[in-house]
Amino acid sequence: MSRINNTGMSFDESEETNYSQLWKKMKAAWPWFLLAFIVFFTAVFFYVMYTTPMYNIHALIKINNSNRGAPSTSTDNSLSTEFGVPTASIVDEEAVVLQTKYLMERVVNDMKLNITYFSKGPIRDEELYTPPFTVQISEPVDTIHFTKFNAEVLAGHKVHLQTETLDTIVDFNQSLSLANIGRIKLVNPLPGLKSNHYAFTLSSVDQTVNKLSSNLTVALLAKQMGIIQLDFVYPLPKKGEDILNKLLDIYVQSNLEDRNTLADSSVKFIRNRLSYLGGELGDLEGNIQNFKQRNQIAEMSEQSRVMVQNTSQFNDEVAKVQTQISVLNSIQDYLQKNAGNDRVVPSSLVVSDPTFSSLVDKYNTLLLERDRRMVGVTAENPVITNLNDRIANLRADMLSSLTNSKDFLKITLNSLQKQVQTVAGKIQNVPEIERNYLDLARQQQIKQQLYIFLMQKSEEAAIGKTYNTPNSKKIDPPKTQEKVSPKVPVFYAIAVLLALILPATVIYTRFLLNSLIERKDDIINGTQVPVIGEIGHNSGSDNLIVAHNPRSAIAEQFRALRTRLFFYLKDADEKVILLTSSMANEGKSFTSINLGSVLAISGKKVLLMELDLRKSGLSSKLGVDNSVGFTNYIMDDKMIPEQIIRPSGALDNLFVISSGETQPNPAELLMHNRIGLLFKDLKERFDYIIIDAPPVGVVIDAQLLAGYADLCLYIVRQHITSKSQLSIVEDMFKENEMKRLAIVLNDIRMGTGSDYAYGNYNYGDERTGLRSKIKGIFSKN
């Protein structure tokens, strides 16, 4: 249910009126919206023109199973066929590898991307993929400072080079030494190269790597399927595609190099062990042969043969365990001897310890990463130092793991040996010679099994290397998809939104924060006092606009006010009209003069009384002498009204009583008993008496004069009077301080942003109306 305010208007209606007024202001401000559209569209146009477009290059790769292509084996003692190579490619890890700066650094070095060439243009410089000449850098400094060169190709095989600190002419192939860069030389100019303006930039490899890496995005598109998406942003589509292709090629090549390095390490280690075991096995076989010859043993007895068969199963188990212990000893010795010269470690020989294999994989990965990073930095680099610490920790962990594995194998070996000893008691019955021979044969069997095991591993490692294939493949090669910036439609859409939102926000903010009266509804919502008239803005300096231009819009408004006055002043004795306001400069004198003029034009005899004794203005506007006036009459008991009544000079029926000489006590003067006598006399002489009184919001003078008035007109000026000041007139109305109180809204500026249209008040003067329209568009809203 709608609530009703003190004017009889519901709050819902009031809110609806506010929105309606806001919409009118928006429409009135169309030039500002148009200006905003022009400004923002121009800004976008120049931004797009001066901004280098960037394109997105898209690629998809699939990470393959690392064991794919490797031969399989079903033997119990076989391991993975790829020795020293990680047993699986984890998609997350590969995505991280693709973003490493090491790969991008190799791309930058191979393609010399730290040197960029441009063609000078009137708007912006265009990057060139095929440069008109090549820049070579020799003896570079440690960190090249970014420098842009303007290069003008001159006749005679010369180039004019300019930087912020350099301005020189050099020949092609002429070396030039530069601080913070090194020595540069321009070589290989294109045949028939004509005079033209170019530019090129030199930067450090690290700067270029950081810039290109920031433009690369790697995402997991389908993790379970091992598909990785790469997006690379670059201004030249063809060059960007080649950079991304080069990155993927180096990634594949680096992966193969790592896997081959691990495989070569395994083969080398195994062959060294085979060479050593071969010597031991040869010596042992020689010992057996000599033993047979010395003891003239051709074949063992049936009893010994049965014993060997019975103990073969235990001997096989013991041989396997001893083989494992021997391998662990070899790897332990390998780690200890190479502590200062770290090399990759083969993990495939340790079949029973996945923990150790995992440590070896991490160890080898860190070694390869450190070797890659050592290409461009020293051993004291913090990154290298950190890697060395991690490698040392992993080496210690591996040695600890080997010790634990050996302890476990030794316990197993002891258990097996006890079982062998149990069987060995039965061998005591075998002749001593055959028993010694049996011991030699058992040692030969262990060495042969270890030798065969290593031979198998050697062949598997060699074969596995030939099956090393790329761990990834391009399923969607790098291809330019779309321009990512500047997005012209998006920027123009933003420009449209800003052009609408910014002026609307300003207008709405001013609308909300505006505390001044703008329209009639502001008065209606603020007080119960009725609005009796609305006077338009006087664009000129003529204060007698009714007398001098009776066909103007303002003259018509005063006629409308005159008509309404007749409904308030119905009795013949009701003649006195008092005009006041909240403060100065609200148009009391202007309204008094023209109200008096419009009454005088109708044939009435009208008197204007200037009773603002503190700040007189009415007499000066009319050009009337103010040396003798109201104050003189009050102060001099001998003066009569005829001595202070003067013709206005504007209309025959319009007369004036000016304020007179300024006195220090105007309030006391207005309380003098001669005022009553004066008004009694004047009411007999004139049809209407208009009092120009001081503002009630400043002094009490108007309240003192209100007792003589039959109607009090409270002047409110658009864009001057505050809404809060309406409380003054409202209080006077409630307290009945003034008789028949009414409001006149003054100085209304016509325009589409207000409730007042141009055509309403341009009666009889089309040219004035047209001028008002044009001025109203850009007037204050």
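The values are calculated or read from the model by the stated rules, or taken from the named source; none is laboratory data. Since the model is a prediction, treat every value here as computed from it, not as a measurement. A quick note on method: Cβ atoms are made from the backbone with ideal geometry, for glycine too, and the neighbour counts reach across all protein chains shown.
So the values come out like this:
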| quantity | calculated |
| --- | --- |
| Residue 615 in the same structural domain as residue 686 (by TED's automatic domain parsing), within 18 Å of residue 679 (Cα to Cα) and charged (D, E, K, R) | no |
| Residue in the stretch 693-710 that is at negative phi, assigned by TED's automatic domain parsing to the domain that holds residue 567, free of Cβ contacts under 8 Å to residues at least 24 places away in the same chain and crowded, with 18+ Cβ neighbours inside 10 Å present | no |
| Residue count for the stretch 694-752, restricted to those that are among the aromatic types (Phe, Trp, Tyr) and within 21 Å of residue 585 (Cα to Cα) | 1 |
| Only one of 188, 210 that is out of contact with any strand residue (DSSP E or B) (no Cβ under 7 Å at 6 or more places or on another chain), closer than 30 Å to residue 139 by Cα and touching a residue at least 40 places away in the same chain (Cβ under 8 Å) | 210 |
| Filter result (over 40 Å from the mean Cα position of the chain (by Cα) and surrounded by 13 or more Cβ atoms within 10 Å (Cβ to Cβ)) within the stretch 130-153 | 153 |
| Test result for residue 475, assigned to a strand (DSSP E or B), of a type in the set (A, V, I, L, M), modelled with pLDDT of 65 or more and closer than 30 Å to residue 231 by Cβ | yes |
| Answer residue from the stretch 407-436, given it is modelled with pLDDT of 80 or more and among the charged types (D, E, K, R) and is surrounded by the fewest Cβ atoms within 10 Å (Cβ to Cβ) among those | 407 |
| Single match in 628, 606, 624 (criterion: at pLDDT 95 or above and of a type in the set (Val, Ile, Thr)) | 606 |
| Residue within the stretch 616-633 that is without any contact (Cβ under 8 Å) to a residue 24 or more places away in the chain and in a helix (DSSP H, G or I) present | yes |
| Answer residue from the stretch 711-725, given it is surrounded by fewer than 23 Cβ atoms within 10 Å (Cβ to Cβ) and in a strand (DSSP E or B) and is modelled with the lowest pLDDT among those | 722 |
| Residue ID - farthest from residue 183 (Cα to Cα), chosen from residues in the stretch 109-126 that are in contact with a Phe, Trp or Tyr (Cβ under 6 Å, 6 or more places away or on another chain) and crowded, with 18+ Cβ neighbours inside 10 Å | 125 |
| Wholly within the stretch 495-582, helices (runs of 4 or more DSSP H) carrying at least 1 residues that are outside the structural domain of residue 713 (by TED's automatic domain parsing) | 520-526 |
| Every residue from the stretch 647-671 that is surrounded by fewer than 18 Cβ atoms within 10 Å (Cβ to Cβ) and either assigned to a strand (DSSP E or B) or not charged (D, E, K, R) (or both) | 647, 649, 662, 663, 664, 665, 667, 671 |
| Residue 167, sole failed condition from (1) acidic (Asp, Glu); (2) over 30 Å from the mean Cα position of the chain (by Cα); (3) crowded, with 18+ Cβ neighbours inside 10 Å | (3) |
| Which numbered condition residue 52 misses (of (1) assigned to a loop (DSSP other than H, G, I, E, B); (2) at pLDDT 50 or above; (3) surrounded by 15 or more Cβ atoms within 10 Å (Cβ to Cβ)) | (3) |
| Yes/no for residue 571 being modelled with pLDDT under 95, surrounded by fewer than 24 Cβ atoms within 10 Å (Cβ to Cβ) and not polar (S, T, N, Q) | yes |
